Amino acid sequence: MTVASTTHVTHGFGPVWNDRSRVLILGSMPSPSSREAGFYYMFPRNRFWPVLAALFDQPVPERDPADRARFALNHRIALWDVIQECDIHGASDASITNVVPTDIASLLDRAPIGTIFTTGHKAGQLYRRYCLQNLQEKGHRLTMINLPSTSPANAAMSLADLIKAYQPIRKALDDKEPDRQDTRIYYGK
């Protein structure tokens, strides 16, 4: 029997946010495709961007990280991940060990985030295990909603099912479209 090898990986890029970000969407750890591209949800078959586009009745943003960052920020969405570094086999969340969490509190101190969403069971589990207590100790008591994974590994959910499951993002944003386009984008610190 061959044991799958794990690799120690570091996130490689920071959060995307601005001073208008109202929700924070957290994944677990970027996939190899995302780490290579230096941006979130870049695996071509991941349905994250089509789901967000459908939520806002807009075309799916181009695969260019700057276009995707603008799309998220124009809708007051910040993006980051629960994990700063870990051991992982490929893109398998189930294989994650030796977790070093991201410092989510540092982002919450600077952006007016009201709700945190995690994408996938593992991201929610890791958030509760590694981040929640630290955030509460620092005075951050935000609602966290765990959404289903948009990964192709979650084949049990259709695109239509995912779009329906992601509606709480729109609710958290009060169904209001942004009144101006903020082009400032913050990566990392």
* **Whole-angstrom gap from the range 94-152 to the range 21-83, using each part's C-alpha centre** => 16 Å
* When ligands, DNA and RNA are left out and all protein chains stay put, how many square angstrom of accessible area per residue does the chain have with a 1.4 Å probe? -> 50 Å²
* When the solvent-accessible surface of protein heavy atoms is calculated with a 1.4 angstrom probe, in what order do H75, H89 fall, highest first? -> H89, H75
* Do you know the Lys pair count in the chain for C-alpha distances under 24 Å, with sequence separation 8 or more or different chains? -> 5
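Could you order the peptides 20-32, 99-111 from most to least packed, using the average number of other C-beta atoms within 10 Å per residue?
On the way: 20-32: 23.0, 99-111: 17.0.
The densest-packed peptide leads the list: 20-32, 99-111.
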* With springs only between Cα atoms under 10 Å apart, run a GNM on the chain and tell me which of Y130, Y41, Y166 wobbles the most. => Y130
* To do: List every residue whose amide H lies under 5 Å from the amide H of N18, counting only residues 5 or more places away in sequence or on a different chain, with H placed 1.01 Å from N in the peptide plane.
  => none
* Structure fact -> Per residue, the convex hull enclosing the alpha carbons of the chain has a volume in Å³ of 115 Å³
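How high is the FRET efficiency between V100 and N134 when r is their beta carbon distance and R₀ equals 22 Å, given to the nearest 0.05? Walk me through the numbers on the way to the answer.
On the way: r = 12 Å, r/R0 = 0.56.
After rounding to 0.05, the efficiency reads 0.95.
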* Candidates F56, F117, F71: whichever shows maximal mean-square fluctuation once the chain is modelled as a Gaussian network with Cα springs under 10 Å -> F56
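Could you look at the chain and say what percent of its accessible area is carbon and sulfur, using a 1.4 Å probe and all protein chains?
Working: 4670 of 9360 Å².
Summing carbon and sulfur atoms, their accessible area is 50 percent of the total for the chain.
The values are calculated or read from the model by the stated rules, or taken from the named source; none is laboratory data. Since we're looking at a predicted model, the values are computed, not measured. Methodologically, a virtual Cβ is constructed for each residue, glycine included, from the backbone with ideal geometry; neighbour enumeration extends over all protein chains shown. SASA here: full protein model, heavy atoms, side chains in, ligands and nucleic acids out. Shrake-Rupley method; radii C 1.70, N 1.55, O 1.52, S 1.80 Å.
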